[in-house]
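Presented below is the structure to which this report refers.
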Amino acid sequence: MERGYAIRKNRYFDSVFLMQVAQRLGEQPGIEQALALMGTEENKRLLLTMGFEAPEVATAGPNDLIVALKGSDASKLQEILKDLDVWLVRKPSRLSQAITHTLDQGLEALPQANLVSISIPGQYAAREARRALERGLNVFFFSSNVAMEDELALKQYAWKHGLIVMGPDCGTAIISGIGLGFANAVRRGPIGVIGSMGTGLQEFTCLVHKAGSGISHAIGTGSRDLSDEISGLSTLTALEALEADPQTAVIALLSKPPGEKTLHKLLKRLNQSKKPLVACFLGIREYPRPGEDRFVTARTLDEAATLAVQLATGEPVSFAAVDPQRLQLLIAEQRAAMAPEQRYLRGIFAGGTFCYEAQQLMRDAGLMVFSNAPLEGMCALSDPWRSQAHTLVDMGAEMFTQGRPHPMIDASLRRQRILAEAEDPEVAVLLLDFILGYNASPSPVGDLLEAIRQAKLRARQRGGFLSIVASVCGTEEDPQDLDEQIKLLEELGVVVLPSNAQAALFARTLVLELLQ
Amino acid sequence: MSEQGKAKTALDTLLQDGPTVINLGLQEFAEALQDQGAGVIHVDWRPPAGGDEELAELLGKLL
């Protein structure tokens, strides 16, 4: 097999565009594999693990473009690499406004702007966020890999000036019905939600929508906001704003367990809430009770959504429940088809919150799992790229996304991981999530369909059966077709349940039965 | 800050009016905002000074 490389010094392209370039190159006859990446250390490591080893790759820097091709025909590789610039042309913009090149030019063109959305590489992002705040603009901060001290300084500045920094590492927000980043199209309504977990916010807003209610605002705060270093500056700012907001009747707060000091401060503040409030700290073992609680607590995102809708409507809520007897029958049927050595659970998640929520549900049943993002009490994977025993992997973690798009856009690493799991004869259950919405892949299910088919086939060839259970986070209003996405999965024999928690519970029951 | 009798903050105004956005980075984000009917302008961001961080830091201080 031949390999070819091209380096373009100081040519910056964003990771989503480069993913599209690689996809188009990979579709050319004679090309078996194509990669187009900026030369970050992580990307160079990835190239090495894929067998792309060359001196010019080793010397490329983070602002240099690397294109690496593998194929059977050396002349075809050279032909493409010689005319590489042809492949680096963007399709025409769909935007009605002219494109600008700096924040100040943007502000000149749109002086009524009240928010800056930042999705540039982390090492440059804090500087632009600072600039935005100094111009009196709120910030939606999608970029990750931002230094903790920069985050703290930005949030302290915002706090003093009545602004908010949603992020860094903030995947989603919905402000007055407008989705930012990865957001779902949900009904507007009386529930305001604050969250440091992107996919947690998405699941919550979709579940509220499915229960017939709606969202006033969903304010992301970034994954580290409730750490003791940041002490919840954006969460507290958002809480105050939602209390004052006339569209919001009920407030929900979703997070991983806050830092110890921050938790006590926050609970005190929640007890002074001016509006009914639901708190869900996924993964927390117990809520400290500093006194008479004026808020209610939830264990899972399903429960948080149910409680919030009940508080908003005063009516009991029931989501479209799945018949438990049917699920029991299905579990028995799947178990009977498995080979004796099949016993392990593997969860390959695009959504970090889903990975976390699934771990909590496994821990509740005493099931020890490995993860690259372990919940307290769980084990860290010694190598995030390889599963062991029961493993739940967050494929959206920084180690997998530096210099490449999030798995909600780029399914290639998740596809490879599913195929790798399928080669392990001890794997019994694959747990997957599919996340629809703005800016996500046009067909999250379609991206993994062939890998799912292959994985099922590999287990059959070994005389076993691979159970695949999934949830689809989305609404019928999303740009993707929710019903069609579910149908594609079900046609392949995937068990599709209405939420991540329910899918994880199904997987848990099956794995526990296999242990007996 | 935003309680009765206190001045509205920039965040209160954002929640009340909805977002009007300057988008730095992924062009797809600007397109999705436009599709939803939000006011948006896209900034085609490039690394400063061809990616030399030290130089960019210095320029940032000078400007």
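From least to most packed, judged by other beta carbons within 10 angstrom and beginning with the fewest, A:226, A:512, A:103 follow the order A:512, A:103, A:226.
Only helical DSSP H runs with n ≥ 4 go in: add -39500 (n - 2.57) per run for the protein assembly as shown, normalise by residue count and round the 222 nm mean residue ellipticity to 500 deg cm²/dmol.
Working: 22 runs with 234 residues, N = 579.
Computed mean residue ellipticity for the protein assembly as shown: -12000 deg cm²/dmol.
Just checking the output field for A:9-16: average partner chain Cβ neighbours within 10 Å of each residue's Cβ?
Values: counts 2, 6, 3, 5, 1, 6, 2, 5.
Averaged over the peptide's residues, the number is 4.
Across all directions, the average projected area of the convex hull around the alpha carbons of chain A is 24.7 nm².
Projecting the Cα atoms of A:258, A:331, A:318 onto the dipole axis of region A:217-342, where Lys and Arg carry +1 and Asp and Glu carry -1 at the beta carbon, places A:258 farthest toward the positive end.
Quick one: of the DSSP bridges fully inside the protein assembly as shown, what percent are antiparallel, nearest 5?
Working: 20 of 76 bridges.
Just about 25 percent of them are antiparallel.
Under 30 Å of direct C-alpha separation, and excluding same-chain neighbours fewer than eight residues apart, residue A:70 reaches these lysines: A:9, A:44, A:82, A:91, A:456. Dipole orientation for region A:22-140: of the candidates A:29, A:113, A:75, A:113 has the Cα lying most toward the positive pole (charges on Cβ; Lys, Arg +1; Asp, Glu -1).
Residues whose amide H lies under 5 Å from that of residue A:183, counting only those 5 or more places away or on a different chain, are A:438; hydrogens are built 1.01 Å from N in the peptide plane.
Note on A:89-100: average number of Cβ atoms from other chains within 10 Å of each residue's Cβ is 4. Each distinct pair of alpha carbons in region A:381-516 adds a 1/r term; the inverse of their mean, the Kirkwood radius, is 15.5 Å. Summarising the amide proton neighbourhood of residue A:297: residues at separation of 5 or more, or on other chains, whose placed amide H is nearer than 5 Å comprise A:279.
Here r is the Cβ-Cβ distance between residue A:368 and residue A:152 and R0 is 56 Å; the resulting FRET efficiency, rounded to 0.05, is 0.95.
Given R₀ = 51 Å, FRET efficiency for residue A:228-residue A:323 by Cβ-Cβ distance, to 0.05?
Values: r = 45 Å, r/R0 = 0.88.
The computed FRET efficiency comes out at 0.70.
What does the C-alpha gyration tensor say about the overall shape of region A:377-425? Classify as rounded when a/c is under 1.5, otherwise prolate if a/b is larger than b/c, or oblate. Here region A:377-425 falls in the oblate category. Taken over the C-alpha atoms, region A:82-131 has Rg and Dmax values of 14.6, 46 angstrom.
Going through region A:289-371, which GluC sites (Glu not before Pro) have at most 10 other Cβ atoms within 10 Å and a DSSP loop state?
Working: sites: A:292, A:303, A:333, A:341, A:357; in loops: A:292, A:341.
Sites meeting the loop and neighbour criteria: A:292.
At 0.36 nm per residue, and after removing the present C-alpha to C-alpha distance, how many nm does the segment from residue A:261 to residue A:491 gain when stretched out fully?
Numbers: separation 230, 0.36 × 230 = 82.80 nm, distance 4.93 nm.
Difference between extended and current length: 77.9 nm.
If you take the Cα centroid of region A:461-516 and the Cα centroid of region A:294-340, the two points sit 14 Å apart. Projecting the Cα atoms of A:454, A:486, A:474 onto the charge dipole of region A:450-490 (Cβ charges, centred on the Cα centre) puts A:454 farthest toward the positive pole. Rounded to whole numbers, the Karplus 3J(HN,Hα) couplings from phi for region A:149-159 are 5, 5, 4, 4, 4, 5, 6, 5, 4, 4, 4 Hz, using 6.51 cos²θ - 1.76 cosθ + 1.60 with θ = phi - 60°, and x at Gly and Pro. Here chain A is assigned +1 on the Cβ of each Lys and Arg and -1 on the Cβ of each Asp and Glu. Its dipole about the Cα centre then comes out at about 320 debye. Bridgeable aspartates and glutamates around residue A:487 (alpha carbons under 14 Å apart, same-chain partners fewer than 8 residues away excluded): A:476. Net charge around residue A:417, counting only other residues with Cβ within less than 15 Å of its Cβ (Lys, Arg = +1; Asp, Glu = -1)? Within the 15 Å Cβ shell, the charges total -3. Put simply, the amide H of residue A:32, placed in the peptide plane, has neighbours under 5 Å in A:70, A:71, A:72, leaving out anything fewer than 5 places away on its chain.
The numbers here are math on the coordinates, done by the rules we state, and not lab data. These figures come from a predicted structure and were not determined experimentally. Positions of Cβ are backbone-derived with ideal geometry, glycine not excepted, and every protein chain shown enters the neighbour counts.
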